[in-house]
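S.K.: Sharing a structure with you now.
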Amino acid sequence: MSIGKGLFVSFEGGEGAGKSTQIRRLAEALRRHGYDVLVTREPGGSPGAEAVRHVLLSGAAEMFGTRMEAILFAAARSDHVEEVIRPALVRGAVVLCDRFMDSSRVYQGVTGNLEPEFIEALQRVAVNGVVPDCTLILDIPASLGLERARRRGVAVSPTAGPDRFEKERIETHEKRREAYLDIAAADPERCRVIDAQQTEDAIAAEILSIVEQRLPPVTETSSTYPETAQ
Ligand code: TYD
């Protein structure tokens, strides 16, 4: 659904699929073409949602159960949508979001074993009509993605270790991959699956060509939230 004059693109996929690198490259390419680009991420992307992010990724909410976690993800999403995403789309920006509603469907719904009706009810409230125009699913075998995520984690922070969701078993990650492919098959207008085993350049070119077909007319300024995240 189009909100305002902007374009809303979400990036999805398992761990280590290369989302952040590709988001950065697409943002650079679009800015070179003069687009107002907002780069953001979930959970987080607004001050309220970043506060909830810490609770979720540290595992502090895990003991309260998947339902509680799903509601917290939705609370964070609602704040992010209303404070950041909707205003950006209204002003005509291209919004690139690292994870959005499909992550909740996959992580909390499919591998968290929550009923689809519960997840969809939360989503309706959280997104409040702000659905991505285009969702790019970076697809990679779980074992390869986890290995990449592990190496990246060690390089960035040698002592931090995996987060709450990275720690889960390989079968869980493989199930998520399947769940993403199911979402793409059910909503082919919105979703495109990208083979994330291609070279970084090939993936960037494929993504740019998909997004270019949907771009609105050029507007001005750019921003990234949080400034340090990308
Ligand atoms: P993050 O470090 O931002 O990672 P990634 O590089 O994997 O995108 O961690 C976000 C984690 O939160 C990730 O493991 C997926 C999980 N998540 C959910 O479980 N549900 C959600 O709705 C969202 C947005 C993320």
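The values are calculated or read from the model by the stated rules, or taken from the named source; none is laboratory data. All of these numbers come straight from a predicted model, not from anything done at the bench. Using ideal geometry, Cβ is built from the backbone for each residue, glycine included, and neighbour counts are taken over all protein chains shown.
S.K.: Of the numbered conditions (1) of a type in the set (D, E, K, R); (2) in contact (Cβ under 8 Å) with a residue 24 or more places away in the chain; (3) over 18 Å from SER46 (Cα atoms); (4) surrounded by fewer than 22 Cβ atoms within 10 Å (Cβ to Cβ), GLU115 fails exactly one; give the number of that condition.
M.R.: (2)
S.K.: So, in the range 1-25, exactly how many residues are under 22 Å from ALA202 (Cα atoms), of a type in the set (Gly, Ala, Ser) and either touching a Gly at 6+ places or on another chain (Cβ under 7 Å) or in a helix (DSSP H, G or I) (or both)?
M.R.: Residues meeting the conditions: 4.
S.K.: Name the residues in the range 79-105 that are under 16 Å from LEU56 (Cα atoms) and either aliphatic (A, V, I, L, M) or over 15 Å from the mean Cα position of the chain (by Cα) (or both), would you?
M.R.: Passing the criteria: ASP79, MET101.
S.K.: Of the residues in the range 1-25, how many are more than 10 Å from the ligand (Cβ to nearest atom) and small (Gly, Ala, Ser)?
M.R.: Adding up the residues that qualify gives 3.
S.K.: Do we have VAL52 as among the hydrophobic types (A, V, I, L, M, F, W, C), surrounded by fewer than 23 Cβ atoms within 10 Å (Cβ to Cβ) and under 14 Å from the mean Cα position of the chain (by Cα) here?
M.R.: Spelling it out, it is not the case that VAL52 is among the hydrophobic types (A, V, I, L, M, F, W, C), surrounded by fewer than 23 Cβ atoms within 10 Å (Cβ to Cβ) and under 14 Å from the mean Cα position of the chain (by Cα).
S.K.: What is the one condition in (1) surrounded by 13 or more Cβ atoms within 10 Å (Cβ to Cβ); (2) touching a helix residue (DSSP H, G or I) at 6+ places or on another chain (Cβ under 8 Å); (3) of a type in the set (A, V, I, L, M, F, W, C) that ILE170 does not satisfy?
M.R.: The number of the failed condition is (1).
S.K.: If I go through the range 26-77 residue by residue, how many of them are part of a helix (DSSP H, G or I) and more than 9 Å from the ligand (Cβ to nearest atom)?
M.R.: Matching residues across the range 26-77 total 24.
S.K.: Follow-up. Of all the residues that make up the range 86-114, how many are of a type outside the set (Asp, Glu), assigned to a helix (DSSP H, G or I) and within 13 Å of the ligand (Cβ to nearest atom)?
M.R.: Residues flagged as of a type outside the set (Asp, Glu), assigned to a helix (DSSP H, G or I) and within 13 Å of the ligand (Cβ to nearest atom) within the range 86-114 amount to 9.
S.K.: Would you mind listing the helices (runs of 4 or more DSSP H) fully within the range 139-230 where at least 1 residues are within 16 Å of the ligand (Cβ to nearest atom) and modelled with pLDDT under 85?
M.R.: Correct list: 142-156.
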